[in-house]
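Only the coordinates and a few stated rules stand behind these numbers; no lab work does. This one's a predicted model, so the numbers in the text were calculated from it and none came from an experiment. We place every Cβ from the backbone using ideal geometry, glycine too, and count neighbours over all the protein chains shown.
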Amino acid sequence: MKRLLIVTSLLVICAFACKKAKGPVNGPSIPPQNNLDSTVSINATINGYQWQTDSAYGYTVKHSDNDSGVSNLMITATNTNNNQVSSIVFNITDFTGPGSYTVNPPINTATYYLGNMRHYATHGLIIVTSDTAYALKGTFYFTADTITVSDGVFNVALP
């Protein structure tokens, strides 16, 4: 009987003590109240027309030999205008922080998507000017087929 009382007491204590903490399910990656970065966006001039993102995201992927401290960087930005979706995607291999990264496929790439048409950049430059724990900032330009992207500025949240 004494054992039953002990086991029951432990189960009751565990039931109340082992509770999952409540919190926001869909919290933003950069809360606006942190005063660190509230201007997450990418904009550029594409063939003479101004282009502004609806959404922009930055991703870092560590190499499988993650002792090196080197990772790849991917930036994705999307715009929807008059039911026409367009995107700009950057992929920088061996991203080491602020600096200039020449577009030289397949190492560093820039791609412009217009609907389901894909335009790979043949040359250009991605300049990362700031890399903080919260955001990645920089400028870019590139040429992809008949598409000329100039005066590009990015400020994306990092996960």
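Between His123 and Asn82, what's the calculated FRET efficiency when r is the beta-carbon distance and R0 is 35 Å? Round to 0.05. The partial results should precede the final answer.
Details: r = 30 Å, r/R0 = 0.86.
The formula returns an efficiency of 0.70 here.
How big is the Kirkwood radius of segment 39-157, worked out from every pair of different alpha carbons and given in Å to one decimal?
14.4
Can you tell me the order of 90-96, 114-120, 147-153 when each peptide is scored by its average per-residue count of other Cβ atoms within 10 angstrom, highest first?
On the way: 90-96: 19.0, 114-120: 12.3, 147-153: 16.6.
Put in order of decreasing packing, that is 90-96, 147-153, 114-120.
At what distance in nm do the modelled label points of Ser41 and Asp145 sit from each other, each positioned 7 Å from its Cα along Cα→Cβ?
Those two pseudo-labels are separated by 2.8 nm.
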